[in-house]
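This report refers to the structure that appears directly beneath it.
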Amino acid sequence: MNKSENSLHVLVVDDEQGIREGAERILSRMGFTVSTASRGAAGLEIIYAEPVHIVFLDLKMPGIGGMEVLARIKEFNEKIMVIVVTGFATLETAIEAMKKGAYDFIPKPFEPDSLRMVVRRAQERMELSLEAERLEKERNRTLLDLDNEKSRTRTIIESLPNGVVVTNTEGVVVLMNPAFLLYLNLDVTLKPGKKIGEYVDDEGFCERVMALSQGDCPSGNDSSSYELALPDNKFMMAEGRCILGEENECLGAVLILADITAMKALDQLKSDFVAKVSHELRSPLSTIHEQLVMVEKKPENDEYLLSRAREKTNGLISLIGDLLDLSRIEEGHAGEEAQPVLVDELLESIVDFIKAQAESRKQSLKLELPVEKNLPPVFADPMALESIFGNLIANAIKYTQDGGSIKVRLELLDNQLQVAVIDNGFGMEARQIDKLFTKFFRIKTEKTRYITGTGLGLSIVKSLIDKLNGSISVTSQPDQGSTFTVRLPIMEKSH
Ligand code: ADP
């Protein structure tokens with residue numbers, strides 16, 4: 001094979017050596033890569049093995065006949081251009097070969113010029129067809145890229161967790177993603193194509209979309225936001241913008257919907273909490289105010305009124321203390337001093353400390369420790385544990401009649417320590433147990449009405465136990481007593 005810079009590869013198949021050599025010389029000089037074969041079979045082998053563009057094929061050869069070789073070439077690759085080489089006498093055969101897919105023919109014997117002319121024609125044709133092929137490939141690739149880009153964008157929009165809707169200048173929906181349909185409780189199979197009002201049953205929202213679609217946009221980077229209230233207490237925040245064209249003309253609007261239901265609920269909780277706290281602060285403060293006014297007016301009563309006022313301020317101080325504790329715990333600042341704590345020793349010291357309170361009410365307060373010694377420690381902030389058990393034991397004393405009995409029982413379970421605070425006091429009804437850990441919840445009965453408290457103690461207890469990955473449960477019967485059972489994991493780091 002004669003390699004050359006011309007990218008086209010020409011094969012000469014002829015049994016006459018002179019023709020092969022002559023053709024090879026001329027074609028090589030023209031810059032083609034040239035291969036030669038003296039038989040059809042050898043020619044075919046070259047064709048099967050490497051890319052060949054143009055073939056000069058002698059129709060009259062020993063071995064496989066030229067017509068047969070032509071058929072096989074065309075069968076293998078119909079783009080290969082075959083120029084049949086034939087004597088004058090076999091013109092008909094040449095015509096027949098053309099009918100069978102040969103591109104051209106050249107009669108034998110031929111002048112170098114005729115060979116050049118024929119091969120140039122074939123070359124031009126081949127180059128044109130190669131160029132067309134290349135262009136076609138390129139076009140397909142760009143189309144494919146475009147298509148990929150389009151489907152990528154679409155997939156991203158479809159997968160966005162936020163709802164997306166796009167309208168044209170008439171307010172007709174041209175695109176909406178599944179999250180949009182889901183948020184608005186719409187059938188997920190709905191297709192775009194109708195006015196926004198057909199999909200969304202909220203006049204304010206639709207008016208906003210229409211305005212945006214027609215170019216009524218907030219300036220600069222601002223977007224227009226709108227809150228949508230949906231059935232089932234669901235709330236969405238819609239943020240929208242105009243879509244601007246190259247000349248700043250409005251082409252429509254794009255809106256994004258975010259589910260703000262949880263945020264709204266939190267907001268509501270916050271307002272409820274502020275209202276509750278304000279209420280809890282206002283009534284004792286007004287009483288103190290009244291009492292101070294009276295002290296001013298009647299100085300002879302001052303002792304009694306001042307002591308009542310002091311009691312109230314004490315209550316307020318403990319309320320604020322509890323509130324601060326709670327916010328500290330809820331912000332995650334409690335329990336930072338975690339260390340191994342021996343709960344039996346801790347309970348002994350709490351009971352020792354609080355015993356005086358029980359004695360003043362003639363109640364018995366007993367601590368029951370398990371027989372096994374060397375109980376495993378709990379990994380916790382000792383202050384948090386003191387707060388948990390101190391609160392529960394103080395409550396048992398507060399909500400049990402004089403002369404009642406309170407037991408604090410520590411037990412070792414599989415992987416946990418269990419502390420039960422058991423009293424035989426006022427108890428409570430089942431429906432009240434559910435609300436026990438709600439902030440400010442207090443049970444008001446004849447027996448409890450004079451007992452002071454903030455209604456925050458058990459909320460604090462619950463939050464602290466949650467932080468320790470523990471649990472608390474309550475059983476109670478009115479006038480029979482209550483049992484608060486706390487379980488804490490042993491030596492497991494909690495934060
Ligand atoms: P506080 O004691 O300041 O009112 P808590 O959150 O500690 O607040 O308790 C909430 C309410 O639960 C109390 O007001 C009381 O009605 C009830 N309670 C708590 N512990 C007991 C108990 N051991 N027996 C009966 N009722 C209790």
Self-check item: Output for the range 373-392, where each listed residue is among the charged types (D, E, K, R), more than 16 Å from the ligand (Cβ to nearest atom) and touching a residue at least 40 places away in the same chain (Cβ under 8 Å)
Solution: Asp381
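Do the conditions hold for Asn424, that is, is it more than 24 Å from Asn314 (Cα to Cα), more than 8 Å from the ligand (Cβ to nearest atom) and modelled with pLDDT of 90 or more? Please lay out each step first, then the result.
Working: more than 24 Å from Asn314 (Cα to Cα): yes; more than 8 Å from the ligand (Cβ to nearest atom): yes; modelled with pLDDT of 90 or more: yes.
Yes; evaluated as a whole, the condition is true for this residue.
Within the range 200-218, does at least one residue satisfy the condition of being among the β-branched types (Val, Ile, Thr), part of a loop (DSSP other than H, G, I, E, B) and within 21 Å of Glu249 (Cβ to Cβ)? I'd like the intermediate steps shown before the answer.
In the first step, residues of the range 200-218 are kept if they are among the β-branched types (Val, Ile, Thr); the result is 200, 209.
Okay, now just the ones that are also part of a loop (DSSP other than H, G, I, E, B), so 200.
Remaining after also requiring within 21 Å of Glu249 (Cβ to Cβ): none.
No, the range 200-218 contains no residue that is among the β-branched types (Val, Ile, Thr), part of a loop (DSSP other than H, G, I, E, B) and within 21 Å of Glu249 (Cβ to Cβ).
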Quiz item: Hey, among the residues in the range 427-449 that are farther than 23 Å from Gln363 by Cβ and in contact with a helix residue (DSSP H, G or I) (Cβ under 6 Å, 6 or more places away or on another chain), which one's nearest to the ligand (Cβ to nearest atom)?
Solution: Phe441
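Just checking, which of Gln416, Gln401 is in contact with a strand residue (DSSP E or B) (Cβ under 7 Å, 6 or more places away or on another chain) and more than 9 Å from the ligand (Cβ to nearest atom)? Steps first, answer last, please.
On the way: Gln401 fails: in contact with a strand residue (DSSP E or B) (Cβ under 7 Å, 6 or more places away or on another chain).
Being in contact with a strand residue (DSSP E or B) (Cβ under 7 Å, 6 or more places away or on another chain) and more than 9 Å from the ligand (Cβ to nearest atom) holds for just one of Gln416, Gln401, which is Gln416.
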Exercise. Could you tell me which residue of the range 353-372 is farthest from the ligand (Cβ to nearest atom), considering only residues that are closer than 24 Å to Thr475 by Cβ and not in a strand (DSSP E or B)?
Key: Pro370
Exercise. Find all pairs meeting these conditions: Cβ atoms under 9 angstrom apart; at least six residues apart or on different chains; first residue within the range 107-121 and modelled with pLDDT under 90; second residue surrounded by fewer than 14 Cβ atoms within 10 Å (Cβ to Cβ) and assigned to a helix (DSSP H, G or I).
Key: Pro107/Phe88; Pro107/Leu91; Pro107/Ser114; Lys108/Phe88; Pro112/Arg25
Practice problem: Answer with yes or no whether Tyr226 is touching a Phe, Trp or Tyr at 6+ places or on another chain (Cβ under 7 Å), among the aromatic types (Phe, Trp, Tyr) and free of Cβ contacts under 8 Å to residues at least 40 places away in the same chain. | Solution: yes
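Among the residues of the range 450-479, how many are near the ligand (Cβ under 8 Å from one of its atoms), part of a strand (DSSP E or B) and surrounded by fewer than 18 Cβ atoms within 10 Å (Cβ to Cβ)?
Of the range 450-479, the ones near the ligand (Cβ under 8 Å from one of its atoms) are 451-461, 476.
After this cut, where a residue has to be part of a strand (DSSP E or B) as well, the list is 476.
Next, only the ones that are surrounded by fewer than 18 Cβ atoms within 10 Å (Cβ to Cβ) stay: none.
Going through the range 450-479 one residue at a time, the tally reaches 0.
Could you tell me whether any residue of the range 94-106 is closer than 30 Å to Leu257 by Cβ and touching a helix residue (DSSP H, G or I) at 6+ places or on another chain (Cβ under 8 Å)? Break it down into steps so the answer makes sense when it comes.
First pass over the range 94-106, keeping only residues closer than 30 Å to Leu257 by Cβ: none.
No - not one qualifying residue is present in the range 94-106.
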Quiz item: So which of Asn415, Asn395 is in contact (Cβ under 8 Å) with a residue 60 or more places away in the chain, closer than 18 Å to Thr485 by Cα and surrounded by fewer than 17 Cβ atoms within 10 Å (Cβ to Cβ)?
Solution: Asn415
Quiz item: Here are some conditions: (1) on the phi > 0 side of the Ramachandran plot; (2) within 14 Å of the ligand (Cβ to nearest atom). Asp322 meets all but one. Which one does it not meet?
Solution: (1)
Quiz item: Can you name every residue in the range 35-74 that is under 60 Å from the mean Cα position of the chain (by Cα) and among the hydrophobic types (A, V, I, L, M, F, W, C)?
Solution: Ile46, Ile47, Ala49, Val52, Ile54, Ile73
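Determine whether Leu346 is under 15 Å from Leu468 (Cβ atoms) and either within 16 Å of the ligand (Cβ to nearest atom) or not small (Gly, Ala, Ser) (or both). Even if it seems obvious, please write down each step before you answer.
On the way: under 15 Å from Leu468 (Cβ atoms): yes; either within 16 Å of the ligand (Cβ to nearest atom) or not small (Gly, Ala, Ser) (or both): yes.
So Leu346 fits the description; yes.
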Practice problem: For the range 480-495, name all the residues that are of a type in the set (Val, Ile, Thr) and either within 13 Å of the ligand (Cβ to nearest atom) or part of a strand (DSSP E or B) (or both). | Solution: Thr483, Thr485, Val486
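May I ask you to say which residue of Asp322, Asp302 is touching a Gly at 6+ places or on another chain (Cβ under 9 Å) and charged (D, E, K, R)?
Asp322
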Self-check item: Odd one out for Ile422 among (1) over 24 Å from Pro340 (Cα atoms); (2) more than 45 Å from the chain's Cα centre (by Cα); (3) surrounded by fewer than 21 Cβ atoms within 10 Å (Cβ to Cβ); (4) without any contact (Cβ under 8 Å) to a residue 60 or more places away in the chain
Solution: (4)
Practice problem: Of the numbered conditions (1) buried (at least 19 other Cβ atoms within 10 Å of the Cβ); (2) at pLDDT 90 or above; (3) under 17 Å from Pro109 (Cα atoms), Met61 fails exactly one; give the number of that condition. | Solution: (2)
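The values are calculated or read from the model by the stated rules, or taken from the named source; none is laboratory data. Please read these numbers as outputs of a predicted model, since none were measured by experiment. Using ideal geometry, Cβ is built from the backbone for each residue, glycine included, and neighbour counts are taken over all protein chains shown.
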